[in-house]
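As structure tokens, the structure follows; a few thoughts come after it.
Read-outs throughout are calculated quantities, based only on the coordinates presented, and are distinct from any laboratory measurement. These numbers come from a predicted model, not from an experiment. Positions of Cβ are backbone-derived with ideal geometry, glycine not excepted, and every protein chain shown enters the neighbour counts.
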């Protein structure tokens, strides 16, 4: 993982819109997503080069149909941060089986 981008928005529709903007505007990939409060808050996590992740997050913040509640770019995430993201991703993969 070179860098992580996180965007938290209200609602699944807003999250899908932000993810679409991020993936179309820069070379990033969805790592995982988390829904809280029954889907009222959705956090998207993407990865890629620092410049691509920064551009993707900025474009999602500026162009999404829902204003994000929070967003961040983490360049060179710590190994514990990487482990937490991998754990989230593995739970989603396990549910899909």
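A few comments on the model shown:
- With R₀ set to 25 Å, the beta-carbon distance separating residue 62 from residue 94 gives a calculated FRET efficiency near 0.10.
- Computed from the alpha carbon atoms alone, the convex hull of the chain holds 91 Å³ per residue.
- Estimated Rh, region 27-71: Kirkwood, alpha-carbon pairs, angstrom: 11.3 Å
- Ordering of 79-92, 23-36 by packing [mean C-beta count within 10 Å, highest first]: 23-36, 79-92
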